[in-house]
Amino acid sequence: MIRNHKSQSSLTRRDALCRIGNGFGMMAFAGMIGDSLARAGTDFTPRAKRVIFLYMNGGLSQVDSFDRKLALEKYHGQPLPGGSVATERKTGTLMKSPFTWKRYGQCGMEISELFPHLGECADDICWVRSVYTDIPNHEPAMLMMNTGFSQAGRPSLGAWLTYGLGTENSNLPGYMVLCPDVPTTVGPPLWSNAFLPAIHQGTYISDKVAERQTEELIDKKFDPKKLVSYIYNDKFSLEEQRRELDLLEKLDQVRQQREEIRDPQLEAAIKSMETAYRMQTEAPEVFDIRKESEGTLKLYGPGSTARGCLMAVRLIEKGVRMVQVYYAKGDPWDAHADINAHRKNAKDSDQPFAAVVKDLKSRGLFKDTLVICGSEFGRTPVVEIGAGANGVQNGRDHNPFGFTMWLAGGCVKGGTIYGATDDFGFKAIDKPVHVHDLHATILYLMGIDHTKLTYRYSGRDFRLTDVAGNVLHEIIA
Amino acid sequence: MRVIVNRVWRSHMGTGIVDTPSNFGVTGERPTNPELLEYLAERFVDEGMSLKKLHREIMLSAVYQLNDDDSKENYDKDPANRFYWRANRHRLDAEQIRDSILAVAGSLDRKMGGPSEPLTPDFKRRTVYGKVSRYRLDDYLQLFDFPSPNISAEKRFTTTVPLQRLFFMNSDFVQQQAEVLAQEVAAEPDNEARIRKAYRLVFAREATPEEVKLGSEYLRAEPMKEYEEQKAKPPKKDEPDADEPGDSEFTPGGMMSGIGPRVKGEEKKPMLPPTAWGRYIKVLLSSNEFLFVN
C-alpha cells in the first residue's frame, strides 16, 4: 500500500482514514501503520471480534470422541457393508471405540470418556459432525484447514482476518500462533501471509520452556521473556535501545524537516520504531501467566497445552485478532497403531480446551470471541492393517470424508449438533460441510462476506474460499 | 514490447507508465505517458531488443537522474508523481538492504556465480546467492517483502512493519556489521572525526554540524566503556544457555539469529561484543536515509 496503487494522489494517514470506502486495501494500510480501525469495513454486523483456533494436529478420531456410532459396537469385527472405502493405507474390519460414553448438558450431547471437561461445556458448544476435506494427507489437509488450499503458498485464515479487519492493539501482532514446537512437518506455511502484505503474517511463538509432563501448574523455569525471544535479544538492554531509538528519531527528523511535504512512507517508518519498542515490553507482559490467580491456573491445569490456551485467552483479551494454539509438535493425534494413544493427548488437552470456554465466559469475552477446535481430518471407523506393533492392531487410518469440529462463542448456537456422518461414522451424509464452508462461516461471524474479501495478485483476485464456500446460517444464533 | 519496456521502466522508476504491469487490458490502468511508452517500445525493437541498451537508455535519461526534491507547485498538480517530476522515494528491497549493509561495512563478497547458500550472518556474498525455498521462504526475505516464490509477481510491495525495526534493533547480523564498521572508524583521532568518517562511509556525504552534535551527545551519554577499552579485551564467549529452546527444525536461525531461538547445530561463532560505537553505527544503518533511496 505504500506504493500508490491506482490512486492518483499520495496518501497521508488522515487521507486514508477519509477513504475507508476504498475497501479492505485501505483497511490493511491503516492496520499497518498501527491505527485501530476494527470493523469499519465489515459487510455484516460482526458477531465475533476475535478467534481462537485450537488445533488437534494429526487427526482426532470422531468415532472415539464426539460422534458415537452404535452400529460400530454392533458390527465390530465385521467388514464394512458395501465394500471398504479406500483410504491411504490398508484397512480391515469395523472397529468399535474402546472408550465409554456419557450424555452431557441440556442438549444431551454424547461425549466419550476422553473429554469429560468439554462435556461440562456441551451446552455452550456447537458440534459440526459433517466436516469433510479433500486430501487424506497431513500436509495438504492442514494447509486446506489453515489456508483454504492444499498446497503451500496461500494466505492463512488469520492473515485474511487481519487483512480484512486490522488489529485492535498496535503493540502486538494481530495474528499469533502458539505451539511448543513445530506443528507437523508443514510449519510456517500454515500461518503465512503468502502474497498479502508482510504485516499479516502470523507471529509464531514457541512456548517450549520445559518438558510437558510436569505436574506443576507453572514450571519454575518459566520466563516470558524467553518465549518472545523473537522480539528480544538479551545482549541489549531496553534502556540502551530506548536511547538508540531517541537518537534515530532525532536523526530521521533532522532529515525530514527539510521537506515541505510530509512523506507517509517515512512517517510510517518512524512510527513503526515506537511500536517495535513497545512490543518488546508489552509482549512479555501478556505472556506472563504467573500474573494469573491460582484459581485460573487450576482451571487450565498443568502442561504446555494448558499454558498455550491460557496465553491465547490473555492475548485475545489484549485485542489480538486471532490466536492459534497447536496441541503439540509433530502429528500427535495421528493414531495409526493404537487409538488408545488418544488417551494421553486428551488428558493434556481436554481440561485446557474446556478452560478456554469457561475462562472466556468469566472474563466476559465469550460472546464476541469465536472458538474453533478440530483437526485436519478424522479417522476411519475401520481398523488399520500393518501399523501396530507387538500384536497390537488397534489404530485407525486418515479419514477426509467425515469428521467433527466444534465451535463456541461468537454468537454460535451452543448445545447444537449440526450434520451427521453415516451409520459407521465414515462419510458426512447429512448437511456435509466442506472446509471452505467452515471458513465462509468464520468470516461471516467476523462480519465479512467471504466472496468480497479478495486480494488481487498475479493477475487475478484471490479469496480464502477460492470459488466455493457456503455460510452455515443454521448454527448462528 | 510495451509490456517488457514498461516492466523495465517500472523497476527503475518505482511506478510503471502503466502501473498495472500484468494487465494492459481494459481493466488495467491507462498509460500516463503513452508517447513515452511507444517511444521506448520502438527503440527497444530498433536496438535489436537488447535489454542492456534499454536499461542504459532509461538510466542515462534526465528523468532517471532527478533527485527527490519537493516542489509545492508540482506536488499540487501531480501528488503521486505519475509524470515523474521527481525521483520516487522507495525503500530498499530485501536483497538491497542486506547487500548495502555488507557493502558499507566493507564485508561484501562480490564474487559472481556459484551455488546458492542459506542466508546467515556469516554468509557474506550478495543476497541474490541466498537460498530461496518455495516451500519455506527465508524469514529475513519474507520480513522485507520478498514476493511469494510460488507464483509470478508483477511487482513487489513495500510494507513498513514493527518486526522490521526489531530486526534492526535485535539481530546479530546488523550489530555485527555495525561493529565491523565501528572498527574501521576507530582509527580517527577523535569522536567528531569518527562521526564524520562514519557518515562518509554510510551515507557517502558529510555530516551536518547538527548531526555531529547529536552523535557526540549520544556517545557521551552512553554509560558503556569507551570503544578502545573494549577493543583491548578478547571477544567475550557466549555462555551456553541450558534453557534455550533449540531443537525445532525451522525456528528462525540464519539472518534472524539474535531474534529467534538458535537452531540446533548452528555453531556459536565468536562475535564482536556490542559497543556504544557499534550501536551508534547501527542507528545510522537503521535510519530512513539509509533504507530509502532518495
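The values are calculated or read from the model by the stated rules, or taken from the named source; none is laboratory data. Since the structure is predicted, the reported quantities are computational estimates derived from the model, not experimental observations. A quick note on method: Cβ atoms are made from the backbone with ideal geometry, for glycine too, and the neighbour counts reach across all protein chains shown. What goes into the accessible areas is simple: the full protein's heavy atoms, side chains included, and nothing from ligands, DNA or RNA. Shrake-Rupley method; radii C 1.70, N 1.55, O 1.52, S 1.80 Å.
Surrounded by 24 or more Cβ atoms within 10 Å (Cβ to Cβ), of a type outside the set (Ser, Thr, Tyr) and either in contact with a helix residue (DSSP H, G or I) (Cβ under 7 Å, 6 or more places away or on another chain) or free of Cβ contacts under 8 Å to residues at least 60 places away in the same chain (or both): which single residue out of A:Phe403, A:Phe424 fits that description? Result of the check over A:Phe403, A:Phe424: A:Phe403. Of the residues making up the range A:244-258, those that are open to solvent by 50 Å² or more (accessible area, probe 1.4 Å) and within 7 Å of another protein chain (Cβ to nearest Cβ) number 2. Here B:Gly130 does not fit the description of being open to solvent by 20 Å² or more (accessible area, probe 1.4 Å) and more than 14 Å from chain A (Cβ to nearest Cβ).
Among the residues of the range B:1-29, those that are aliphatic (A, V, I, L, M) and touching a Ser or Thr at 6+ places or on another chain (Cβ under 9 Å) comprise B:Val3, B:Ile17, B:Val18. For the residues B:Leu102, B:Leu141, the requirement of being open to solvent by less than 40 Å² (accessible area, probe 1.4 Å), within 14 Å of another protein chain (Cβ to nearest Cβ) and part of a helix (DSSP H, G or I) singles out B:Leu141. Restricting attention to the range A:305-329, the residues that are among the small types (Gly, Ala, Ser), assigned to a helix (DSSP H, G or I) and under 17 Å from A:Phe366 (Cα atoms) total 1.
On inspection, A:Phe353 fails the criterion of being under 30 Å from A:Gly83 (Cα atoms), of a type in the set (Phe, Trp, Tyr) and crowded, with 24+ Cβ neighbours inside 10 Å. Scanning the range A:105-163 for residues that are of a type in the set (S, T, N, Q), open to solvent by 10 Å² or more (accessible area, probe 1.4 Å) and out of contact with any helix residue (DSSP H, G or I) (no Cβ under 9 Å at 6 or more places or on another chain) yields a single hit, A:Asn137.
Inside the range B:1-52, residues that are of a type in the set (Val, Ile, Thr), open to solvent by 50 Å² or more (accessible area, probe 1.4 Å) and part of a loop (DSSP other than H, G, I, E, B) make up a count of 2. Counting the residues of the range B:284-294 that are closer than 18 Å to B:Asn170 by Cα and touching a Lys or Arg at 6+ places or on another chain (Cβ under 9 Å) gives 4. Looking at B:Glu179, B:Glu211, which one is acidic (Asp, Glu), open to solvent by less than 40 Å² (accessible area, probe 1.4 Å), within 8 Å of chain A (Cβ to nearest Cβ) and outside any loop (DSSP other than H, G, I, E, B)? Answer to the check: B:Glu211. A single entry from B:Arg200, B:Arg205 fulfils the requirement of being within 21 Å of the chain's Cα centre (by Cα), open to solvent by 70 Å² or more (accessible area, probe 1.4 Å) and at pLDDT 50 or above: B:Arg200. Test A:Ile2 against the criterion of being at pLDDT below 50, within 14 Å of chain B (Cβ to nearest Cβ) and touching a Phe, Trp or Tyr at 6+ places or on another chain (Cβ under 9 Å), and give yes or no. When the stated conditions are applied, A:Ile2 passes them. In the range A:275-289, the condition of being in a loop (DSSP other than H, G, I, E, B) and more than 14 Å from every other protein chain (Cβ to nearest Cβ) is met by at least one residue.
Being part of a helix (DSSP H, G or I) and facing chain A (nearest Cβ under 8 Å) is the filter here, so list the residues in the range B:144-169 that pass it.
B:Pro162, B:Leu163, B:Gln164, B:Arg165, B:Leu166, B:Met169
Test B:Asp93 against the criterion of being of a type in the set (Asp, Glu) and at pLDDT below 85, and give yes or no. It is false that B:Asp93 is of a type in the set (Asp, Glu) and at pLDDT below 85. Taking the residues in the range A:389-400 that are surrounded by fewer than 22 Cβ atoms within 10 Å (Cβ to Cβ) and assigned to a loop (DSSP other than H, G, I, E, B) as candidates, determine which candidate is modelled with the highest pLDDT. Going through the qualifying residues, I end up with A:Gln393.
Residues in the range A:316-327 that are open to solvent by less than 10 Å² (accessible area, probe 1.4 Å) and under 15 Å from A:Thr296 (Cβ atoms): A:Ile316 only.
Per the listing A:Leu360, A:Leu299, A:Leu365, the residue uniquely of a type in the set (A, V, I, L, M, F, W, C), in a helix (DSSP H, G or I), open to solvent by 10 Å² or more (accessible area, probe 1.4 Å) and at pLDDT 95 or above is A:Leu299. Among the residues that make up the range A:279-289, is at least one of them at pLDDT below 90 and under 23 Å from A:Cys126 (Cα atoms)? No, that holds for no residue.
Go through (1) open to solvent by 50 Å² or more (accessible area, probe 1.4 Å); (2) touching a strand residue (DSSP E or B) at 6+ places or on another chain (Cβ under 7 Å); (3) touching a residue at least 60 places away in the same chain (Cβ under 8 Å) and name the single condition A:Gly409 misses. A:Gly409 satisfies all of (1) open to solvent by 50 Å² or more (accessible area, probe 1.4 Å); (2) touching a strand residue (DSSP E or B) at 6+ places or on another chain (Cβ under 7 Å); (3) touching a residue at least 60 places away in the same chain (Cβ under 8 Å) except (1).
Out of everything in the range A:368-388 that is under 20 Å from the mean Cα position of the chain (by Cα) and in a strand (DSSP E or B), what residue ends up being farthest from A:Thr93 (Cα to Cα)? Step by step, filter the range A:368-388, then rank; the result is A:Thr369. Of the residues B:Asp172, B:Asp93, the single one that is within 14 Å of chain A (Cβ to nearest Cβ), open to solvent by less than 20 Å² (accessible area, probe 1.4 Å) and either in contact (Cβ under 8 Å) with a residue 40 or more places away in the chain or acidic (Asp, Glu) (or both) is B:Asp172.
Out of curiosity, is B:Ser216 open to solvent by 10 Å² or more (accessible area, probe 1.4 Å), within 30 Å of B:Val132 (Cβ to Cβ), over 18 Å from the mean Cα position of the chain (by Cα) and of a type outside the set (D, E, K, R)? Considered against the rule, which asks whether it is open to solvent by 10 Å² or more (accessible area, probe 1.4 Å), within 30 Å of B:Val132 (Cβ to Cβ), over 18 Å from the mean Cα position of the chain (by Cα) and of a type outside the set (D, E, K, R), B:Ser216 comes out as no.
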